[in-house]
Amino acid sequence: MAIASIQEVFTRAGLVEANQFGEWRRRWRVAADSGSEESLLDFLRREKGLSEEQFKRKLAESMGLPFFGFKDLEGTTEARLKLSTKVAFQYSVIPVAVEDGALVVALSDPFDGNLLSAVRYDAGCAVRMALATSEDIEKALKKFYGVGAETLDEMEESAKDQDDGNIDIVLQSDREISESDQDASVIKFVNQIIWEAFRERATDIHFEPAEDELRIRYRIDGILHQTPMPPQLKRFQSAIISRIKVMSGMKIDEKRLPQDGRINVRIQGEEIDIRVSTVPTVWGESVSLRLRCGGKSFFALDRLGFSPHEEEMLRDIIVKPHGIVLVTGPTGSGKSTSLYAFLSTINSVEKRIITIEEPVEYELKGINQIAVRSDIGLTFAIGLRHILRQDPNVVMVGEIRDLETAEIAIRAALTGHLVFSTLHTNDAPSAFTRLIDMGIEPFLVASSVEAVMAQRLVRNICKHCKTEQDVKPEYLRKVGFPEEHIGKTPIYHGVGCEQCRGLGYQGRTGIHEILILNEGIRNLILNRSAASTIAHLAIEQGMKTLRHDGWRKVLNGETTLEEVIRVTQTEEHLGLLEEA
């Protein structure tokens, strides 16, 4: 379509005045000459201050074309078979239907003559256009073809010329991952998977081999989501896993034993640290990648979801001259993040802070961090023993997992050091019984531990689709919701929208249970009392349990009932909360 007809379309759509178009086109060309890659359509849309959907709807109406939303892009199998994956991805078009022998395709730029020619040639038939936003087309391509589908097509073509179907792996010297990576196909595919995980805010990527498929799942906000993948992915399982091994410095030929590795990459200028783990399974090696963004490692107490009262309590605790402060919870509950926030808060030139971790997850300026190396004999216990000879004021131990580490930590606390560490227990009161079960004498536990904080992570309600929820009072009473708020305070949930992938949630926050030791609690510990007995007294003295803190966030409209119940379902002293 010629420029004159573009002007006519824009004028008819009321997007520009006839006498304005020439000036706008001139400004767009000046920007293009200066290095801008913005299309004329995007330039005009930005100048008009319209969203892409508003702009494309006006354009479609002016051209007499249908406009498709994301839900309209679920085309027929017949239509998808008409167009190759390569052309669909290269030109960002979605085949929607076959009508009267013509292929109906959704695209975002109706003025791209090369696009229309390529689609007609590839489909071998007439083509009818419909408009859609570029964002919807991109999402539809991933949903209906799978992430990296066009790359797998390239890999399949390469494999046709090889007898064994294997693909050579070449390690990039520059590990910059970008959206338009054009390196060798298998490298490009792995990069696309990592790129997609980064965009979706995933913390983990799992490659899970089965008999007839290679499943790839992302963990987003603590929940696993399966990623749509092309059906031919299983064929390239060996090449993909080998590529990840090369990137992480593992032995490619070792497939019988578990291995650990690390990848450092850049995405959009941000340093991403990826921890890699492989384990052999019946159908091949299962690979897990944990993504950590170095550039986002800013830790502050006021960003972790504490109430003002809880934050004040913690600030009083973490400046104590000695004693042990424990953070408990299952794997993935944010314990390390809380410890880093404590250290960042008290970090100063007057304090010497040393940590021993497995591994060092985030690097904190001004703090001496040691990584556990069990393979050469540097364990938590041995490292901690030597740390105490380094004149520290504050020590952080990544985890107390055995009697020796616990004994040294308690000795350090009793000799004038402030010690932070973690334990794997369901709630705060159980930390004392866990230490005693390890073999620590009750009087040592009672005299060294200053506070225990249990925590979980709950998903935040998506702000874009937050809606009041109708919940029956009987159900609220059954789960122990505060009686004084039933029927009086609104409860919210997310109905699901494009911003949150239809989940109703976006981001996470913490719920906490903080137990401060006093004379009464110490006496119970000395008498080896059960965790439930300790919990009962702590609740009477004002401790808010995990579920109680969760209800506070529900009442504040931050999270949902379902989330609080999901992460606190094993709370052993819930009955005590209902009695209190």
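General observations
- Just so you know, in the range 398-418 the residues that are touching a strand residue (DSSP E or B) at 6+ places or on another chain (Cβ under 8 Å) and under 17 Å from Pro321 (Cα atoms) include one that is most open to solvent (accessible area, probe 1.4 Å), and it is His417.
- Filtering Leu103, Leu59, Leu116 for residues that are more than 34 Å from the chain's Cα centre (by Cα), in contact (Cβ under 8 Å) with a residue 12 or more places away in the chain and not in a helix (DSSP H, G or I) leaves a single hit, Leu103.
- Gly69 meets the stated requirement of being farther than 19 Å from Phe111 by Cα, of a type outside the set (D, E, K, R) and under 32 Å from the mean Cα position of the chain (by Cα).
- Residue tally, condition modelled with pLDDT under 90, in a loop (DSSP other than H, G, I, E, B) and more than 18 Å from Asn191 (Cα to Cα), over the range 227-252: 0
- Residue pairs meeting the criteria (Cβ under 6 Å; at least 6 apart or on separate chains; first farther than 15 Å from Asp122 by Cβ and outside any strand (DSSP E or B), in the range 71-97; second at pLDDT below 80 and open to solvent by less than 20 Å² (accessible area, probe 1.4 Å)): none
- Residues of the range 123-142 that turn out to be in contact with a Lys or Arg (Cβ under 8 Å, 6 or more places away or on another chain) and crowded, with 19+ Cβ neighbours inside 10 Å, as a count: 5
- The range 98-119 - residue that is charged (D, E, K, R) and over 21 Å from Ile6 (Cα atoms) and, of those, most open to solvent (accessible area, probe 1.4 Å): Asp100
- Identity of the residue in the range 509-532, open to solvent by less than 50 Å² (accessible area, probe 1.4 Å) and among the polar types (S, T, N, Q), that ends up nearest to Pro429 (Cα to Cα): Ser529
- Enumeration of residues in the range 302-342 that are aliphatic (A, V, I, L, M), in contact (Cβ under 8 Å) with a residue 40 or more places away in the chain and farther than 22 Å from Leu291 by Cβ: Met313, Leu314, Ile317, Ile318, Ile324, Val325, Leu326, Val327
- Scanning the range 497-520 for residues being part of a helix (DSSP H, G or I) and without any contact (Cβ under 8 Å) to a residue 60 or more places away in the chain gives a total of 4.
- Scan of the range 458-496 for residues that are assigned to a loop (DSSP other than H, G, I, E, B) and within 16 Å of Ile220 (Cα to Cα), ordered by number: Cys462, Gly496
- First in the range 356-377 and touching a residue at least 40 places away in the same chain (Cβ under 8 Å), second anywhere and part of a strand (DSSP E or B), Cβ under 6 Å, 6 or more apart: Ile356/Ile370; Ile356/Val397; Pro359/Ala371
- Leading residue by the ranking (surrounded by the fewest Cβ atoms within 10 Å (Cβ to Cβ)) among those in the range 315-349 that are under 27 Å from the mean Cα position of the chain (by Cα) and of a type in the set (A, V, I, L, M, F, W, C): Ala341
- Of the helices (runs of 4 or more DSSP H) lying entirely inside the range 539-580, those containing at least 1 residues that are at pLDDT 90 or above and of a type in the set (Asp, Glu) are 546-555, 561-567.
- Of all residues in the range 432-452, none are modelled with pLDDT of 95 or more and within 26 Å of the chain's Cα centre (by Cα).
- Every residue from the range 428-467 that is charged (D, E, K, R), in contact (Cβ under 8 Å) with a residue 24 or more places away in the chain and farther than 18 Å from Asn518 by Cβ: Arg456, Arg459, Lys463, Lys466
- The set of residues in the range 532-546 that are in contact with a helix residue (DSSP H, G or I) (Cβ under 6 Å, 6 or more places away or on another chain) and closer than 23 Å to Leu304 by Cα comprises Ile539, Thr545.
The values are calculated or read from the model by the stated rules, or taken from the named source; none is laboratory data. Predicted model only: the values in this text are computed from it and were never measured. Every residue, glycine among them, receives a Cβ derived from its backbone with ideal geometry; neighbour counts consider all protein chains shown. For accessibility, only protein heavy atoms count, side chains too; no ligands or nucleic acids. Shrake-Rupley method; radii C 1.70, N 1.55, O 1.52, S 1.80 Å.
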